Amino acid sequence: MGKRRRATERKSVGVGNVRNGNMRIGNTKLHPGVLGGVAAVVLCGVGATAFALSGGSGSGSGSGGDGSTVDEKPVASGPPTAAEVRTTARAFLTAWAEGDAARAAALTDDRAAAEKALTSYREDGHLTKTVLTPGKRSGAEVPFKATTTVSYKGKSKPLAYESELTVVRRKSDGRTLVGWRPSVLHPELKQRGDRLVTGEAGDPPIKAVDRDGAELTPAKYPSLGTVLDGLREKYGKKAGGKAGVELRVVRADSSKSSKSSESSESSESSGSSKKADAKSTPDKTLLTLSPGTPGTLKTTFSGSLQAAAERETAKRQRASVVVLKPSTGEILAAANSNPTGFNTAFQGSLAPGSTMKVVSSSMLLEKKLAGVDKKHPCPKYETYGGWKFQNDDKFQIKNGTFRASFARSCNTAFISQAKKLDDDSLTKQAQEVFGLGRDDWSIGVPSFDGAVPVQSDAQMAASLIGQGGVRMNPLNMASVAATVKSGTFKQPYLVSPDIDDRTLATAPRKMSGATAAALRELMHYTAVAGTAVKPMQGLGSDMGAKTGSAEVDNQKKPNGWFTAYRGDLASAAVVQQGGHGGDSAGPVVRAMLRAGG
């Protein structure tokens, strides 16, 4: 008697008519997209006909679609195949566009989060008549175009955008699924809990103006896009405007207090912020169904300096710059090479390298561990806490002074003093004199106030030269230069505290006049005879500067830093992977100081 075989009946559901590359569902003609070389378009809306996809059930695994038994097979492993990517992506996009949140979510690797987000897409976002057109597959990634309609209380407008999804394989059963992340629904959804919401905006629009009354817009000043969003969120109601009806991205943590929202951590940093869970990105308007009435909000920005900052950062990759007025703390300009990305200028959290030696020097001067023209060691190497430190190019200064060590940015001149310091000495100096790392700045939009954690042994020594756990951004380091110039810390801000009666942060103590004068002398000498000569050449006598470069793990070139003052201007810049600060960030700061007169 021959072996009996169990037959598996396979069924298919008709897709409709396919003619000349066009797909039809019922009597509706669809425009084809290309998905890995296969014509495919997903059209859905309320009442659209569901269809099965040829080549599988849409899950990416081989199970009988009618519930019949199949022979057991080994669990699949390895990257999804091209066919699996196509099938899984098409099935997910189909279910989403048809409004079947449960079915679409079941095709992801995080069913609960996906179903909640997909349901919110329709119910909170009021997005209907969705058409999803897949693009050409690249490995496991599938880009797609979305066109939909935003409808709310008799008003409607079309919305179009692009996104992408990635197909992954689940280890437990080998099934291929869409790797869930909020940005699949819309690229502006950055984290779990972010939502698209249509309705009357909670924050009225604002007309932000510069110090001379000229309007500030993202079109004219691209780097101010996220800043203006933040200003609207905090001051929209105070500015006297009237809210309109909008589709907005509402961040997951928007219920947090406005103060807690003013600190964040850069994803670019290997360090940490004390408020890493605080809101760092403001809500964002995607579409206006009916405009509100904006209120006018005056800022401290200088239109001419902001324009110069935009030009300088646009010329470079990964550059960020800030300009302050030392006498008041007013922020005059801030820009980033990627204006729509992370606001490194205000929220970055990066090791500042040797620009931190300004703060360290103030501490050594106050503790009488250094004097401008006193002898100071600068050997090739210095060991502390088990680490061997060296200078750039292993230079040394024999019988030199602290002035010479500062101007040439001698690392070992600072490391040699570590044994005479307490673990918290630098932390106290940064917090008490320069107002850094206290988490109390309130500039008007989210910002990171710097971090100088208490460390010990080699990490404490590394902090003296801006490595270890020290983290800063251009706003922080511009404030350091401004504090040296004015002799006292004045918290940076871009909206006057008179508007909302907030209290600006202050430093617990002021450095002595002698210490401030010594720092200005050191920074001036660095600008005329040290590592900052080239960027500062020809800028007059009332100026000073400090260069810096910060090593970053797995990065070929260090981040270049530069901070300086000239008259009543202070500026700092960082160029990530820029190399030496004088060569990379220095020209950016020079341009800003020249633009300010």
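Computed from the coordinates by the stated procedures, all read-outs in this text should not be read as laboratory data. The shown structure was predicted, so the numbers you read here are calculated from the model rather than taken from an experiment. All Cβ positions, glycine included, derive from the backbone under ideal geometry; neighbour counts span all protein chains shown.
List of remarks:
- Ellipsoid semi-axes in whole angstrom, largest first, where each is sqrt(5λ) of the Cα gyration tensor of region 157-244: 38, 15, 12
- Unit Cα scatterers, Debye sum, region 300-403: log10 I(q)/I(0) for q = 0.10, 0.11, 0.14 Å⁻¹: -0.50, -0.59, -0.81
- Projected label points at LYS220 and ASP110, each 7 Å from Cα along the beta carbon direction, are separated by 4.0 nanometres.
- Using the Stokes-Einstein relation with a Kirkwood hydrodynamic radius computed over Cα pairs, the translational diffusion coefficient of region 309-595 at 20 °C and a viscosity of 1.002 mPa s comes to 117 µm²/s.
- Cβ-defined net charge surrounding SER456, 11 Å radius [Lys, Arg +1; Asp, Glu -1]: -4
- Seen from LEU569, the other residues with C-beta closer than 9 Å to its C-beta sum to a net charge of +2, counting Lys and Arg as +1 and Asp and Glu as -1.
- Candidate aspartates and glutamates - alpha carbon under 13 Å from LYS368, same-chain residues fewer than 8 apart omitted: none
- Stretching ASP212 away from TYR381 to a fully extended chain increases their span by 55.6 nm, per 0.36 nm per residue minus the current alpha-carbon distance.
- Amide N proximity, region 389-406 versus LYS420 label position 7 Å along Cα-to-Cβ, cut-off under 18 Å: 397-406
- Extension gain (nm, one decimal) between GLU521 and LYS428, 0.36 nm per residue minus Cα-Cα: 31.2 nm
- Surrounding net charge for TYR525, when Lys and Arg each add one and Asp and Glu each subtract one, Cβ distance under 12 Å: +2
- Whole-number Å³ per residue for the convex hull built on Cα positions in region 467-522: 124
- For region 404-475 and region 342-373, distance of Cα centres in Å: 6
- Selection of trypsin sites (Lys or Arg not before Pro), region 485-557, meeting DSSP coil and at most 13 other Cβ within 10 Å: ARG509, LYS556
- In terms of distances greater than 24 angstrom between alpha carbons, the cross-link table entries LYS374/LYS394; LYS220/LYS298; LYS428/LYS534 yield LYS428/LYS534.
- Alpha-carbon gyration tensor eigenvalues x 5, square-rooted, for region 129-203, Å: 29, 16, 10
- Of the trypsin sites (Lys or Arg not before Pro) in region 158-212, the ones in a loop by DSSP (not H, G, I, E or B) with at most 10 other beta carbons within 10 Å are LYS171.
- Distance between region 180-231 and region 535-597 - C-alpha centres, whole angstrom: 30
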